[in-house]
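Following: one structure in structure tokens, then a few remarks.
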Amino acid sequence: MLKVKEDEVAQELDTWLQRALTQPLVIEPAGRDAVVMLSLAEFERLQDAEDEHWAACARRANTEGYLDHDHEVRQRLAEAMRARCLNSIRQKSGA
């Protein structure tokens, strides 16, 4: 994976577009989050891999069973109540 500054890409866009066809390119704008430029073929490969991952998760859920929604809700509610109680105790103790 190549890393390049934004102004270099702006000056020689055609060159960097050609390079991005063979390997992902990390573009680092000054003072902002970096972005990645990659070929359409690589993007589609990544999408296919993600689709396969989620399909495998769905197949596993079909055989192993899905989450128990009521149990999940009760568990999250209990965690939220514990956190709220702890925060209340911390505030009262001045921590």
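What the table below lists for this structure:
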quantity: Residue in region 68-79 that is in a helix (DSSP H, G or I), surrounded by fewer than 10 Cβ atoms within 10 Å (Cβ to Cβ) and either among the aliphatic types (A, V, I, L, M) or at positive phi (or both) present; calculated: no
quantity: Where a residue in region 1-13 is over 11 Å from Ala34 (Cβ atoms) and its partner, wherever it lies, is surrounded by 12 or more Cβ atoms within 10 Å (Cβ to Cβ) and aromatic (Phe, Trp, Tyr), with Cβ under 8 Å and at least six apart; calculated: Glu8/Trp16; Val9/Trp16
quantity: Scope region 9-53; condition surrounded by 14 or more Cβ atoms within 10 Å (Cβ to Cβ) and either at pLDDT below 90 or of a type in the set (Phe, Trp, Tyr) (or both); matching residues; calculated: Val9, Trp16
quantity: Extreme residue, nearest to the chain's Cα centre (by Cα), among residues of region 29-81 that are over 18 Å from Met1 (Cβ atoms) and basic (Lys, Arg); calculated: Arg32
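The values are calculated or read from the model by the stated rules, or taken from the named source; none is laboratory data. Computed from a predicted structure; not experimentally measured. Every residue, glycine among them, receives a Cβ derived from its backbone with ideal geometry; neighbour counts consider all protein chains shown.
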